[in-house]
1. May I have the pair-distance distribution P(r) for the range 1-160, computed from all Cα-Cα distances with 10 Å bins from 0 and rounded to whole percent?
2. Among 39-47, 229-237, how do they line up by average Cβ neighbours within 10 Å per residue, starting with the highest?
3. Beyond a 18 Å Cα-Cα separation, which of these cross-linked pairs lie in this structure: LYS90/LYS270; LYS132/LYS181; LYS7/LYS90; LYS7/LYS304?
4. Short version: what are the Cα gyration tensor semi-axes of the range 79-219, square root of 5 times each eigenvalue, largest first, in whole Å?
5. Can you compute the charge dipole magnitude of the chain about its Cα centre, using +1 on each Lys and Arg Cβ and -1 on each Asp and Glu Cβ, nothing else charged? Give it in debye, rounded to the nearest 20.
6. Please name which of ILE113, LEU320, VAL293 has its Cα lying farthest along the dipole of the chain towards the positive end, using unit charges on Cβ (Lys, Arg +1; Asp, Glu -1) and the Cα centre as origin.
7. What GluC sites (Glu not before Pro) in the range 223-316 are in a loop by DSSP, with at most 15 other Cβ atoms within 10 Å of the Cβ?
8. Given the convex hull over the Cα atoms of the range 238-324, what projected area results after averaging over all orientations, in nm²?
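The values are calculated or read from the model by the stated rules, or taken from the named source; none is laboratory data. Please read all numbers here as calculations on a predicted model, not as lab measurements. Please note: Cβ atoms are built from the backbone with ideal geometry, for glycine as well, and neighbour counts cover all protein chains shown. The area values use the complete protein model at the heavy-atom level, side chains included, leaving out ligands, DNA and RNA. Shrake-Rupley method; radii C 1.70, N 1.55, O 1.52, S 1.80 Å.
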Amino acid sequence: MILELLKCHGSNNDFLIIDEMTNPLFTEQQRSELALLLCNREKGVGADGILFVLGSEDFDAKMRVFNADGSEASMCGNGLRCVARYVCEKLSIQSAVIETMKANLEVNERESILGEIPTYQVEISPVSFELKDLPLILNQKTLIDEPIQELSEIKFTAVAVPNPHLIGIVTKDQIQSNIQKELSEKVNTPNELFPDGVNVSFVKPLQEGSIFVRTFERGVGFTNACGTAMSASTLVTCLLGLNEFEQPVDVFNPGGKVRCIAHKVDDSFKIDLIGNATFTHRIQIEVQLEQQVFSYVKKEEITKEISQYKNLEEHSKQVLNEWL
C-alpha cells in the first residue's frame, strides 16, 4: 500500500497525519500496528504519535490519536492544533468543529504568536476534578493542591481534560531534579493509585502571566510539550491564584511556547490552547503491515515552516535562560 503522510508538530510534539476523511483505510488493530511501526525513532519515520483524520457524520472531521506505543489517547491538544489546520485548509474554512473521543471541540485559525508561524486555537474540554474520571484510587472525591503520601511530599492537583493529569507546582530545584522521572515511571507501570496510568506535569511559575511546564506523557515518556498538560497546568495555576481566569498565560515548554486562557463559568471550566501548527515534511511510503515493514517513496522537507519555528524556539530559550 502507498501511504501519504504529513509530518507536523505543535510545540515540537511531533505527529504523522494520515487522511481517512473520504476513504477509511485501516482497522483499529492496524492503526495501533501502524503507530508502533512508523513512530519508532530508530527504525520508523519517528514521531510521538499518529493523528488519523476521519470523516464525521455531524461535524467537520473526526480525530483519532494513537501514541507511539500503539495505545489510543482520548485527546491531544498539540495534535488537535495540527488537525485543525489540516482540516481548515482542506475544506477552505477558518473555523471548524472536530469530533474527538469524548468531546466535539471548536477550533479556529488565529493571528500568529510570533512572526508568520501558522497558529490555531483549540478548545480543551470537558474538565473534571473528580478522581473517578482519571481514575485515581484514593479515599476522597478530589485532589486539589495536596500531597499523595504514597508518592511524594509535592502537592498535586488531579484533573481530567479529558486525558488524566497530575499537576504539581514545584521549585526550580525540583524541576531540574530526577524526581519527576522516578514518580512518573512509578504511576505509569502497574500500581494501585492509577490503574490506567497518568500524565505527570511539573509546573514552575516564572512571572505573572507565564509558567514553565515539563510533562511526562502516559504512553510516550518525556515529550517536548503536551497540549492538554499545558492547558491543565494553566487551569490549576488559576485555580490556586497564581494566574487569573480569562487572562492569557504564556506557557513555556522544552519545545517552545503556547498561550492558554482558562475560563470558569459557574462550576464548569474550559481552556483555550493557542499555538503553532507546523508542517515539516510531506512523505510518501510503501507499507506492508502484515510484514511490519515500510520503505520511503518520497520525502520532502518544508524548510520555510521549519525555519519559522526556530525563531520561536530561540525566543523561548532566551526567556527560560533568564528564569530557570
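1. With 10 Å bins starting at 0, P(r) equals 10, 34, 30, 20, 6, 0.
2. 229-237, 39-47
3. Among LYS90/LYS270; LYS132/LYS181; LYS7/LYS90; LYS7/LYS304, the Cα-Cα distance tops 18 Å for LYS90/LYS270; LYS132/LYS181.
4. 31, 19, 13
5. Using Cβ point charges on Lys, Arg, Asp and Glu, the chain gives about 580 debye.
6. After comparing all options, I get LEU320.
7. GLU244, GLU246, GLU290
8. 9.9
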